[in-house]
Amino acid sequence: MEKKVLLSIRNITKVFPGVKAIDQVSLDVKKGEVHALVGENGAGKSTLVNIISGVLKPDGGELIFDDQPYAPANPREAQARGIGLVHQETALCPHLSVAENVFLGRMPYKAGGLVDFKKAWLDTKKLLQNFSTDLNPKVKVENLSVANQQLVEIVKALSQDCRLLILDEPTSSLTDAETENLFRIIGELKERGISVLYISHRLKEVFRICERITILRDGVLVKTLNTSETNEEEIICQMVGRNIDHLYPAKKGGNGEEILRVENLSGQCFRDISFSLKKGEILGFAGLVGAGRSEVARAICGIDPLETGQIYLNGQKVRFNSYYDAIRARVAYLTEDRKNEGLFLKMSVVANLVVTSLRDVTHHHLVQQEKEQALAARYVEKLQIKTADLFQKMINLSGGNQQKVVVGKWLAIDPVVLFMDEPTRGIDVGAKTELHYLMRELCDRGIGIVLISSELPEIIGMCDRVIVMNEGCKAGELGGEEITEQNIMRLAATQSDQSA
Amino acid sequence: MNPSLEKQAVQSGGTTKQKGILSRAFAIREFSLLIIIIGCAILLSFLTPHFLTVPNLTTTAIGLAADGIIAVGMTVALVLGGFDLSVGSVMALSGVIAGSLYLGGVNIWIAAGIALVVGMICGLINGYFIGRVGLNPFITTLGMMSIARGASYVLTKGSPLSLAGISKGFKFIGGGQIFGFPMMVLIYLLIVVIMDFVLRRSVVMRQVFYVGSNEKAAALSGINVSKVKTGVFFLTGTLAAISGILTLSRFTVATPNAGMSAEMRAIAACVIGGASLSGGEGTILGSVLGVILLALVNNALILLNVSVYWQDLITGMILISAVLVDFLSHRSRFLRD
């Protein structure tokens, strides 16, 4: 039984100055179908989504929605036709309540022009009940978890009689349990005949919930495949345009001498953490979001305050009162929030690469342009950062290349210990693999790396040893063959009674 | 291996090369401003014979120096992503303090020194609350603006202090000339040259750009953000005090009304010169050109016998036009992402 086509995209082309962002793309989304859109960063996914949701106008081709020609002039028109978009980063008003967000710009009125809060609360409650959640419509959005904020966005889209829901990287900041819940919701939507266009880097998820997969590469549609007739390997090949033989480099660390040891660390969000890190080793920090992994790293580096505990670097007791002290001791923390905390988006590649080592490119306290450019050029070359030139603004680089710049700025201080917090989040498969190989190469040169990641395959593929954290405590340590998905999840998700 | 990517690289490379030197020069804000200023000057010299005269140009230059020195500090504050509303009042306070001390029998140079220190302290207080405590720069400097202005009125009981019989040496720094060049303009130029160099080249000032561009990322790159912020407000306060002392020397009168809305003129000049209120952008040269353009317009109104009341109206229109041109020329880029 063939399903009816809901949205038909026909030969859509969009040209930006000098670049064809998408070129003659055609695809159909059927009614009640979950359709995946995959591709590396810069493949044209966002452009296509922006055209469908009325943000951009195509330069060629046409859209047919529900058998009618469809050319939205703006996002509001797209919403009115029944197309809802949930962005990667939620676009809600944090100071307003759930109900006010759901009915943003469409709050129900009482006679006399006063807002009818009671009706808004009741209606929101009804909508939320469809998702079997007990979210309170009166709660301010800023007090919700990322997962619940996303749910509010979905509810908001559905409240406008949405028939095609576009989800852009919906799981990138969700925990596994929250992801499961999202999948359940998607399943329910499907049963109600709502189509979902699902954009994700995470192929495992795509294979679980999508019926068909469309692959974009460099703005061109490579293929649309039925999920049942393909596999991850094939999709990756099509996305990258080449074979990736070894997704992860071979493990070989763990035999060097100890470089960092911490004992009984306690801080605001964690208690009694002890571990050691060897030269050339990749130590994983696994656990659910909010387990306190980033907090431990930040406290060791002197970014957040540390309450008690000892830190030994190369056998010497140290205490970093500020992050600057840690950097001088060549211990660095690579933030999980690339855009807000890692980069100066409006500044050049050079400026972003030299920020940590300004004093190395000076002469008599003055910055020497030749020196800073030479330093930047060295890391652009070493990390194969794709940029038109050194003076390109960061905002013009792709996610993967931006992340390489962040890595580069820390390599510039010649680190001995590097905490990498979600270093491959939101970057494409090709760049991810490059970064993984780079991390191993750094280890070979004697750096100790602590890898904080919420992606279990990454932890399992990369780490020589793994510490699993649970509610601010160290739940266990795994090494060698013990590093498996089951073992990690058992430690990460078990409710611990002894912590009380 | 990846033909379309290569093509894209070639295309974008090609377009930059096709752009001539001229269009690239016009992309630099300072160059366009310079052309506008020269255009205005040429137009003005045809409209009135009094414009291109030594006395007129000298007076205009001395007149803009006081605002110019304040605008230099304001540029750095804008690069930081903040601004200092208290500079006009601090300028008045420093003049008033030097004046009252002198009238109380203190040597004028010592009095000027103390006034300078008071300006620095005002800056440090702003810096402490903004940098260490984390208060909002608008509120903090708005408060300091009121405090410094109020203190000036208290000290003078509201009326100007005349510094009769002040030493020639002190009068020289604000009113003297070297080879026909007014001292005040020379001091302004010296500050401009030093600050321009320092802003572009010194490590400390580079850190100001980083903090202005992204404060969180700067902190997570090991930059001591609160120290940088404190330093910037120390600088704006210091330059405001210097401007106040020079003005005192020029007029030998300490008025509590000195520097009225100088902070607004300085912010306008810097923004016209390309500084951004959202931080991370701005040059000293831009602020100089902005100050010159505003002074030129003022001069034109006087020479053409237009009521001086038109000045604020026209300044406002120039400010909005400058920001508008900037916005329109950048908008295509915003739309892309």
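Is it fair to say B:LEU135 is more than 30 Å from B:GLY169 (Cα to Cα), free of Cβ contacts under 8 Å to residues at least 12 places away in the same chain, out of contact with any strand residue (DSSP E or B) (no Cβ under 9 Å at 6 or more places or on another chain) and outside any helix (DSSP H, G or I)? Criteria met by B:LEU135.
Can you name the residue in segment B:216-226 that is assigned to a helix (DSSP H, G or I) and surrounded by fewer than 21 Cβ atoms within 10 Å (Cβ to Cβ) and, of all such residues, is nearest to the other protein chains (Cβ to nearest Cβ)? Working first, answer last.
Within segment B:216-226, the first condition is being assigned to a helix (DSSP H, G or I), and the residues that meet it are B:216-219, B:225-226.
Applying the additional criterion that residues be surrounded by fewer than 21 Cβ atoms within 10 Å (Cβ to Cβ) yields B:216, B:219, B:225-226.
Values: B:LYS216: 5, B:ALA219: 7, B:VAL225: 10, B:SER226: 10 Å.
Applying the filter and picking the extreme gives B:LYS216.
Residues A:SER195, A:SER228, A:SER172: which one is out of contact with any Phe, Trp or Tyr (no Cβ under 7 Å at 6 or more places or on another chain), of a type in the set (Ser, Thr, Tyr) and over 19 Å from A:LYS30 (Cβ atoms)?
A:SER172
Residues of segment A:335-351 that are surrounded by 20 or more Cβ atoms within 10 Å (Cβ to Cβ), within 9 Å of chain B (Cβ to nearest Cβ) and farther than 20 Å from A:GLN88 by Cβ: A:PHE344, A:MET347, A:ALA351. Within segment A:470-485, residues that are surrounded by fewer than 20 Cβ atoms within 10 Å (Cβ to Cβ) have Cβ atoms under 6 Å from residues that are in a loop (DSSP other than H, G, I, E, B) and of a type in the set (D, E, K, R) in these pairs: A:CYS473/A:ARG271, counting only partners at least 6 apart in sequence or on another chain.
So how many residues does segment B:144-164 have that are polar (S, T, N, Q) and either assigned to a loop (DSSP other than H, G, I, E, B) or more than 20 Å from B:SER249 (Cβ to Cβ) (or both)?
Initially, segment B:144-164 is screened for residues polar (S, T, N, Q), giving B:146, B:152, B:156, B:159, B:162.
With the extra rule that they be either assigned to a loop (DSSP other than H, G, I, E, B) or more than 20 Å from B:SER249 (Cβ to Cβ) (or both), the set shrinks to B:146, B:159.
Of the residues in that region, 2 qualify.
When the residues of segment B:142-166 are filtered to those that are surrounded by 13 or more Cβ atoms within 10 Å (Cβ to Cβ) and among the small types (Gly, Ala, Ser), the one that is modelled with the lowest pLDDT is B:SER162. Apart from one condition, A:GLY39 fits all of (1) of a type outside the set (Ser, Thr, Tyr); (2) within 11 Å of chain B (Cβ to nearest Cβ); (3) more than 17 Å from A:PRO72 (Cβ to Cβ); the exception is (2). Selection of strands (runs of 3 or more DSSP E) fully inside segment A:196-303 by the criterion of at least 2 residues being of a type in the set (D, E, K, R) and in contact (Cβ under 8 Å) with a residue 12 or more places away in the chain returns A:212-217, A:258-267.
Out of A:ASP28, A:ASP67, report the one residue that is loosely packed, with under 13 Cβ neighbours inside 10 Å, more than 14 Å from chain B (Cβ to nearest Cβ) and modelled with pLDDT of 85 or more. Break it down into steps so the answer makes sense when it comes.
Details: A:ASP28 fails: loosely packed, with under 13 Cβ neighbours inside 10 Å.
Just one listed residue meets the conditions, A:ASP67.
Inspect segment A:359-371 for any residue being within 13 Å of chain B (Cβ to nearest Cβ), without any contact (Cβ under 8 Å) to a residue 24 or more places away in the chain, touching a Leu at 6+ places or on another chain (Cβ under 7 Å) and not polar (S, T, N, Q) and give the result as yes or no. Scanning segment A:359-371, I find at least one residue that is within 13 Å of chain B (Cβ to nearest Cβ), without any contact (Cβ under 8 Å) to a residue 24 or more places away in the chain, touching a Leu at 6+ places or on another chain (Cβ under 7 Å) and not polar (S, T, N, Q), so the answer is yes.
The values are calculated or read from the model by the stated rules, or taken from the named source; none is laboratory data. As the structure is a computational prediction, the values presented were derived from the model and not from experiment. Glycine gets a Cβ as well: all are built from the backbone with ideal geometry, and neighbour counts include every protein chain shown.
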